[in-house]
Amino acid sequence: MKQLFEPANIGNIKLKNRFVRSATWEGMAEESGHLNDKIFEIYENLSKGGAAAIITGYAYVLKDEQPSPRMFGAYDDSFIEDYRKLTDIVHKNNSKIILQLAYGGSMTWFNVGQREIWGPSAVLNKISGVTPKEMTKEDIKTLVKAFGESSRRAMEGGFDGVEIHAGHGYLLNHFLSPNFNIRKDEYGGTSENRARIIYEIFDSIRAHTSKDFPVLIKLNCSDFMENKGFLFEECKELCKNLSEKGITAVEISGGPVFRAPKTEKEPTKQVTLSSKESYFSEYAKDIASEIDAPVILVGGNRSVEVMETILNETQIEFFSLSRPLLSEPDLINKWEKDKTAKPRCTSCSLCFTPEGNMCILDREKK
Ligand SMILES: Cc1cc2nc3c(=O)[nH]c(=O)nc-3n(C[C@H](O)[C@H](O)[C@H](O)COP(=O)(O)O)c2cc1C
């Protein structure tokens, strides 16, 4: 029987257990994207709290494009020193750390009107009200290179790997979605064409880093949109192709935001009642059975019992959590001592605040 608390590897990253902190934007970095004592303290606590690996909040790869305030930056070499300090703190506490890289695109409310926002096509994003500028092929080249260069900075800064954020309605997710990508060139049309930018980013990261530097990707198993979007069958195909290309792991989420899917909208899958917890498990299970790369399941992981069952009944190997660790950074240690410990997090999603993202229960204390 496989155990949650046993060593396991994601590529060449040796993990002490199967728990990962899923990327969580804190909104507490400096305005320039540089790190500060508050950020170091948060990661110190997380790394002492038991998760075998921590994926950072999303970092912006181009200086002029920042989807949210006070996120990590990755757009020039001035970050390498900050990264070394951060990764040292985490490594001293026997945890691993992965830098998440993103381009926001039209899923943004930050400084809109004051900067150029790119998209695959100039299609209105009804959630944010932003219509992006359709990227030229030159823009695509610039972005692909920026992901590569940011990954090189991550490697030089001591990160154990990078994760490409291709879910949750951000730019790469929009490239995958025919609702937002109506391009007529080789980056639009067929699902293979819509995924092309992701393959190019992967190749660029490989070209800018050592050949065994871990590269993970976070994807929506489906966009769960009424008018289709990126579909599960396409996600599966993309995961297979990326696995064949040598992606280190795939983290399966769903979109456009992190909420349980309205299952009746997705004819390919029925989500059972138990998957309200660990709510993308049916999708991740299917993907994990078809690819060699390890699968990390994110979204609603709240009990050891459910995760243990998934671990032993499927080929999903890792579990990542965001909101529960925002509330209790040491939840994994608590679970190691007592499998039945109930997380303080109730998934209320009230953790977003202008002062930074934190559990509402801590905010009420202040
Ligand atoms: C405050 C907050 C910030 C988040 N920031 C990111 C992020 O930077 N990148 C990302 O991929 N997902 C981000 N997420 C989504 C989480 O990684 C995760 O996919 C989602 O919260 C579901 O997992 P959970 O049920 O364990 O919270 C964020 C979630 C929250 C609550």
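The values are calculated or read from the model by the stated rules, or taken from the named source; none is laboratory data. All values derive from a computational prediction rather than experimental measurement. Note that we place each Cβ from the backbone using ideal geometry, even for glycine, and neighbour counts take in every protein chain shown.
Name the single residue, out of those in the stretch 15-39 being in a strand (DSSP E or B) and within 16 Å of the ligand (Cβ to nearest atom), that is surrounded by the most Cβ atoms within 10 Å (Cβ to Cβ). Walk me through how you get there before you give the answer.
So the first thing to find is which residues in the stretch 15-39 are in a strand (DSSP E or B), and the list is 15, 19-21.
Filter once more, so that each one left must be within 16 Å of the ligand (Cβ to nearest atom): 19-21.
On the way: PHE19: 27, VAL20: 31, ARG21: 28.
If we take residues in the stretch 15-39 being in a strand (DSSP E or B) and within 16 Å of the ligand (Cβ to nearest atom), then VAL20 is surrounded by the most Cβ atoms within 10 Å (Cβ to Cβ).
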Discussion item. On the basis of being in a loop (DSSP other than H, G, I, E, B), surrounded by 13 or more Cβ atoms within 10 Å (Cβ to Cβ) and within 22 Å of the chain's Cα centre (by Cα), does THR353 make the cut?
Written reply: no
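So for the stretch 182-201 (the condition being under 17 Å from GLU251 (Cβ atoms), in contact (Cβ under 8 Å) with a residue 60 or more places away in the chain and not in a strand (DSSP E or B)), does at least one residue qualify? It would help to see each step written out before you state the result.
So the first thing to find is which residues in the stretch 182-201 are under 17 Å from GLU251 (Cβ atoms), and the list is 195, 198, 201.
Next, from what is left, pick out any that are in contact (Cβ under 8 Å) with a residue 60 or more places away in the chain: none.
Checked against the condition, which is being under 17 Å from GLU251 (Cβ atoms), in contact (Cβ under 8 Å) with a residue 60 or more places away in the chain and not in a strand (DSSP E or B), the stretch 182-201 yields no hits at all.
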Worksheet, complete the sentence: Here the residues within the stretch 71-86 that are part of a loop (DSSP other than H, G, I, E, B) and crowded, with 23+ Cβ neighbours inside 10 Å are MET71, ALA74
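When the stretch 46-65 is examined, which residues are found to be away from the ligand (no atom under 12 Å from the Cβ) and either assigned to a loop (DSSP other than H, G, I, E, B) or among the aromatic types (Phe, Trp, Tyr) (or both)?
Start the filter on the stretch 46-65 by keeping residues that are away from the ligand (no atom under 12 Å from the Cβ), which leaves 46-50, 52-53, 61-65.
Across the stretch 46-65, the qualifying residues are GLY49, GLY50, ALA52, VAL61, LEU62, LYS63, ASP64, GLU65.
Does the stretch 303-318 include one or more residues that are within 22 Å of GLY167 (Cα to Cα), within 16 Å of the ligand (Cβ to nearest atom) and modelled with pLDDT of 95 or more?
Step one: of the stretch 303-318, the residues within 22 Å of GLY167 (Cα to Cα) are 315-318.
Now narrow it down to the ones that are within 16 Å of the ligand (Cβ to nearest atom): 316, 318.
Right, trim to modelled with pLDDT of 95 or more and you get 316, 318.
The answer is yes; a qualifying residue exists.
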Response to the item:
Listed by first then second residue, the pairs whose first member lies in the stretch 149-170 and is on the phi > 0 side of the Ramachandran plot and touching a residue at least 40 places away in the same chain (Cβ under 8 Å), whose partner is away from the ligand (no atom under 15 Å from the Cβ) and among the acidic types (Asp, Glu), with beta carbons under 7 Å and at least 6 positions apart or on separate chains, are GLY158/ASP88
Worksheet entry | Some residue of the stretch 5-13 being more than 16 Å from LEU216 (Cα to Cα), without any contact (Cβ under 8 Å) to a residue 12 or more places away in the chain and either within 15 Å of the ligand (Cβ to nearest atom) or assigned to a loop (DSSP other than H, G, I, E, B) (or both) | yes
Discussion item. Of the conditions (1) outside any loop (DSSP other than H, G, I, E, B); (2) surrounded by fewer than 24 Cβ atoms within 10 Å (Cβ to Cβ), LEU101 satisfies every one except a single condition; which number is it?
Written reply: (2)
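Inside the stretch 113-122, can you point out the residues that are hydrophobic (A, V, I, L, M, F, W, C) and either loosely packed, with under 13 Cβ neighbours inside 10 Å or in contact (Cβ under 8 Å) with a residue 24 or more places away in the chain (or both)?
Kept after step one, since they are hydrophobic (A, V, I, L, M, F, W, C), are these residues of the stretch 113-122: 117-118, 122.
Hits for the stretch 113-122 are ILE117, TRP118.
For ILE127, are the conditions met, namely being surrounded by fewer than 20 Cβ atoms within 10 Å (Cβ to Cβ) and either within 16 Å of the ligand (Cβ to nearest atom) or touching a residue at least 12 places away in the same chain (Cβ under 8 Å) (or both)?
Yes.
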Worksheet entry | Residue pairs meeting the criteria (Cβ under 7 Å; at least 6 apart or on separate chains; first charged (D, E, K, R), in the stretch 340-354; second more than 9 Å from the ligand (Cβ to nearest atom) and not in a loop (DSSP other than H, G, I, E, B)) | ARG344/SER327; ARG344/LEU361
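Taking the stretch 14-24 as the region of interest, how many residues are of a type outside the set (Phe, Trp, Tyr) and within 17 Å of the chain's Cα centre (by Cα)?
The total comes to 6.
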Worksheet item: When you go through (1) surrounded by fewer than 21 Cβ atoms within 10 Å (Cβ to Cβ); (2) more than 13 Å from the ligand (Cβ to nearest atom); (3) closer than 22 Å to ALA146 by Cα one by one for SER68, which number turns out not to apply?
Response: (2)
Response to the item:
Checked the stretch 153-163 for anything part of a strand (DSSP E or B) and out of contact with any Lys or Arg (no Cβ under 7 Å at 6 or more places or on another chain); matches are GLY161, VAL162
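A quick yes/no check of all residues on (1) at pLDDT below 95; (2) touching a strand residue (DSSP E or B) at 6+ places or on another chain (Cβ under 9 Å); (3) surrounded by 19 or more Cβ atoms within 10 Å (Cβ to Cβ):
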position: GLY189; (1), (2), (3): no, no, no
position: LEU219; (1), (2), (3): no, yes, yes
position: GLY229; (1), (2), (3): yes, yes, yes
position: GLU244; (1), (2), (3): no, no, no
position: ILE252; (1), (2), (3): no, yes, yes
position: PRO261; (1), (2), (3): yes, no, yes
position: PRO267; (1), (2), (3): yes, no, no
position: GLU277; (1), (2), (3): yes, no, no
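Considering only the stretch 336-345, I want to know if a residue exists there that is at pLDDT below 95, within 12 Å of the ligand (Cβ to nearest atom) and not polar (S, T, N, Q). Steps first, please.
Within the stretch 336-345, the subset at pLDDT below 95 is 345.
Then keep just the ones that are within 12 Å of the ligand (Cβ to nearest atom); that gives 345.
Checking which are not polar (S, T, N, Q) leaves us with 345.
Looking through the stretch 336-345, at least one residue is at pLDDT below 95, within 12 Å of the ligand (Cβ to nearest atom) and not polar (S, T, N, Q).
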Response to the item:
Checked the stretch 291-326 for anything crowded, with 19+ Cβ neighbours inside 10 Å and of a type in the set (S, T, N, Q); matches are ASN301, SER320, SER322
